[in-house]
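> Could you have a look at this structure, given as structure tokens, before my questions?
The values are calculated or read from the model by the stated rules, or taken from the named source; none is laboratory data. Keep in mind it's a predicted model, so treat the numbers as computed, not measured. Using ideal geometry, Cβ is built from the backbone for each residue, glycine included, and neighbour counts are taken over all protein chains shown. To get the accessible areas, we keep the full protein, side chains included, count just its heavy atoms, and leave off ligands, DNA and RNA. Shrake-Rupley method; radii C 1.70, N 1.55, O 1.52, S 1.80 Å.
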Amino acid sequence: MTSTRRIIYCPNPKCNYPINLVGDKLCTGCQTPLVYRYLWATGTIAEKIPSGTKIADRYEVIKQQIWLDTEPGHPSNAPAELPKKVFPYLKLYQEQLHFPQVYGFTTTLPENGDDILLLENVPIDDTGKLYPNMINAWKQATPVRQVYWLWQILQLWTPLSELGLAQSLLLPDNLYVQGWCVRLLELHQTEEKLSLQDLGQFWQPWVATAQTPILESLTNIVQQMCQGEIELKAITTQLNQLLLSSAAELPLILQVAGATDPGTVMKHNEDACYPCTPGDLEDDLQPYLSIICDGIDGHEGGEVASQLAVQSLKLQIRALLKDVAEQPKIVPPELLQQQLEASLRVVNNVIWSRNDEQNRQGRERMATTLVMALQVPQRVETVSGSESDNAHELYLASVGDSRAYWITANYCQLLTIDDDLAMREVRLGRSLYRQASQRPDANALTQALGTKEAESLRFAVKRFILEEDGILLLCSDGLSDSNWVEKSWQEYIIPVLIGQLSLEDAVYNWIELVKEKNGTDNISVVLTLYRTSKASLVPITPTPLALAVSTSEELATTIPELTTSAIEATPVLSLAASSQALLNLDLSTELEPVPLPKASPAKMLVMVAGLLVLLLGGTSLGVLAWRQLNPQSFNQMCRQFPGVCSPRN
């Protein structure tokens, strides 16, 4: 008698009893969480395969074109030479919030001759059902969400057009939404050159049923697009203004908590985070800024690099927010993104210069990852005509493998991409991600702060609009490794959102969980709670920023002590003696001075270029930060160019 039981296999390769029934959450043999990976099978052949069919003795057809991989622990199949149709997916891998990725191929039924392309990261939930289609979700969406969906499509228009894939945004059955996020089911190639006019005509039926507060403005924008006489930049500016004005109608309440812990194995903590101490919560940058840096293993002084990055970035952001607050008009997102990139280059050069000053080579050089979040409180006129102190913009920047997640009561979304070898292989079109991740060096970083000069770094800076209640998680790989975020977010985030757990306790409890399960690495967590619901108990706006230029004493770099809890008084972890010496901050310490290497003409040009970037950025505080954080390199530059600045005494 043939068994009709539906089987799924444990992903743990060491499990002795891997067979489980579909529906189980834990493996009965080893208690490993079971992975339910639902895939989208592309093509007309896949459309004809009925539900219940087993393909290649591995994939179970759940419903039309939705397949379950019953052996998620095994690598998927892929040809040695990848077909051309997968390259667009690989090139767009960094935009995985919106686009699916290639999972692999499978041989079709015997009577057919072609392989079926399987896609992962598709708009399918954890029960195997498609997320809402954008057409069906449109009428029930709030005004700000309707504009936000159109804004995202407009941002995707250029990269897809450049690859001949713009048709993907003009197919109603290809656009789905997961909350705020627009997600595509497939990528569709076309030789037809599509224009902004085509996009406007596609939007017309939606705009006709838009919510009343935005109807007139959206209608005007789409009419301009359909006339074909307006450029993309002008439409982008108008739509951005409407988006910010719509979001500003909502309240915005922020609360933040963070902590870092060395784990159960590591002697010293190479992580640094902000906020981290009770004193941090009184800083004028709170609750707008959060940072996590992870000193790279194998690089002596990693804990110093992470602390330098946090402290120098705070100086840059303080100056940036002051400049933004003084602007009479909304600062466009592309300009803010450029300013954040410039700030990160300054931070990189602080660490790079410190390495050069101490003549550190190869793996002796200090380096750190970084992920930061900045909520920029810009004044804006709302769609109802009132004035708001906050346009609800959130900017994320990252380099390395520290991560950011957006988590609500319904889903957990990874917002960043790791800078590792596996991702590089995918981006260069050499391999599918599942195959690249099998490499022994797959997790090796390809870039981090301090490893190379700033001009060689590629920063990922993205903007989001806060229009729903949720929590932003920043974490080092001590938490994200082994998918601990995906495995445990519901246990710690949902209780916070419904008021059953404090933000501080969620941070502490999450760290304790990872220490118990896998505490071999340093662990850092910063949670920021954003409430935009008008049903919020205390609909107040955070205290406006009062960002005065700091004095020289306030700018002096002091490395705060690390704590295992952001809120409660807990044991203090001091820096290692060798790392403290690297900082050269304690003038009473008797250390042999490190001879400064002679600067080459090329090196001096780099220094001058760095200074010009700071000046052009409009932040005199950036120069002062360089002077305070790296007095030796600053004085060296000044001696070479006495007309530019005067050395520090």
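> Keeping to segment 14-40, report how many residues are closer than 23 Å to T4 by Cα, hydrophobic (A, V, I, L, M, F, W, C) and either touching a helix residue (DSSP H, G or I) at 6+ places or on another chain (Cβ under 8 Å) or not in a loop (DSSP other than H, G, I, E, B) (or both).
5
> Let me ask something additional. Any idea how many residues of segment 287-301 are open to solvent by 20 Å² or more (accessible area, probe 1.4 Å) and at pLDDT 90 or above? Please lay out each step first, then the result.
From segment 287-301, those open to solvent by 20 Å² or more (accessible area, probe 1.4 Å) are 287, 296-300; that's our starting set.
Checking the rest, the ones that are also at pLDDT 90 or above come to 287.
Adding up the residues that qualify gives 1.
> Turning to a different aspect of this structure: Report the residue count in segment 246-269 for those that are assigned to a loop (DSSP other than H, G, I, E, B), open to solvent by 30 Å² or more (accessible area, probe 1.4 Å) and either among the β-branched types (V, I, T) or within 30 Å of R365 (Cβ to Cβ) (or both).
Residues that pass the stated criteria total 5.
> OK, next. Name the helices (runs of 4 or more DSSP H) wholly within segment 128-209 that hold at least 1 residues that are within 25 Å of the chain's Cα centre (by Cα) and among the aliphatic types (A, V, I, L, M)? Before the answer, list the steps.
Values: elements: 134-138, 143-162, 196-208.
The qualifying helices (runs of 4 or more DSSP H) are 134-138, 143-162.
> Another question about this same structure. Checking V102 against (1) within 24 Å of L218 (Cβ to Cβ); (2) open to solvent by less than 20 Å² (accessible area, probe 1.4 Å); (3) not basic (K, R), only one condition comes out false. Which one?
Exception for V102: condition (1).
> Of the conditions (1) surrounded by 15 or more Cβ atoms within 10 Å (Cβ to Cβ); (2) more than 25 Å from L466 (Cβ to Cβ), R531 satisfies every one except a single condition; which number is it?
(2)
> Could you check segment 395-414 and list, in sequence order, the residues that are in a loop (DSSP other than H, G, I, E, B) and open to solvent by 10 Å² or more (accessible area, probe 1.4 Å)? Even if it seems obvious, please write down each step before you answer.
Restricting attention to segment 395-414, the residues satisfying the condition of being in a loop (DSSP other than H, G, I, E, B) are 400-402, 408-411.
Of everything in segment 395-414, those that are in a loop (DSSP other than H, G, I, E, B) and open to solvent by 10 Å² or more (accessible area, probe 1.4 Å) turn out to be D401, A409, N410, Y411.
> Could you list all residues from segment 465-483 that are surrounded by fewer than 21 Cβ atoms within 10 Å (Cβ to Cβ) and under 16 Å from Q152 (Cβ atoms)?
Selection gives E468 alone.
> Next question, about the same structure. For G52, state whether it is open to solvent by 20 Å² or more (accessible area, probe 1.4 Å) and of a type in the set (G, A, S). Talk me through it step by step, then tell me what you get.
On the way: open to solvent by 20 Å² or more (accessible area, probe 1.4 Å): yes; of a type in the set (G, A, S): yes.
So G52 fits the description; yes.
> Further, regarding this structure: In the list D441, D418, which residue meets the criterion of being of a type in the set (D, E, K, R), in a loop (DSSP other than H, G, I, E, B) and under 22 Å from I471 (Cα atoms)? Don't jump to the end; show me each part of the working.
Numbers: D441 fails: under 22 Å from I471 (Cα atoms).
Result of the check over D441, D418: D418.
Residues are listed down the side, and each one gets a yes or a no for (1) free of Cβ contacts under 8 Å to residues at least 60 places away in the same chain; (2) among the basic types (K, R); (3) touching a His at 6+ places or on another chain (Cβ under 9 Å); (4) surrounded by 24 or more Cβ atoms within 10 Å (Cβ to Cβ):
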{"position": "E303", "(1), (2), (3), (4)": "no, no, yes, yes"}
{"position": "A325", "(1), (2), (3), (4)": "no, no, no, no"}
{"position": "P333", "(1), (2), (3), (4)": "no, no, no, no"}
{"position": "N349", "(1), (2), (3), (4)": "no, no, no, yes"}
{"position": "R354", "(1), (2), (3), (4)": "no, yes, no, yes"}
{"position": "M366", "(1), (2), (3), (4)": "no, no, yes, yes"}
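> Still on this structure, please answer the following. Inside segment 450-559, counting only helices (runs of 4 or more DSSP H) that do not spill past its ends, which hold 3 or more residues that are under 24 Å from Q338 (Cα atoms) and at pLDDT below 85?
Numbers: elements: 477-480, 484-497, 503-518, 552-555.
By residue number, no helices (runs of 4 or more DSSP H) qualify.
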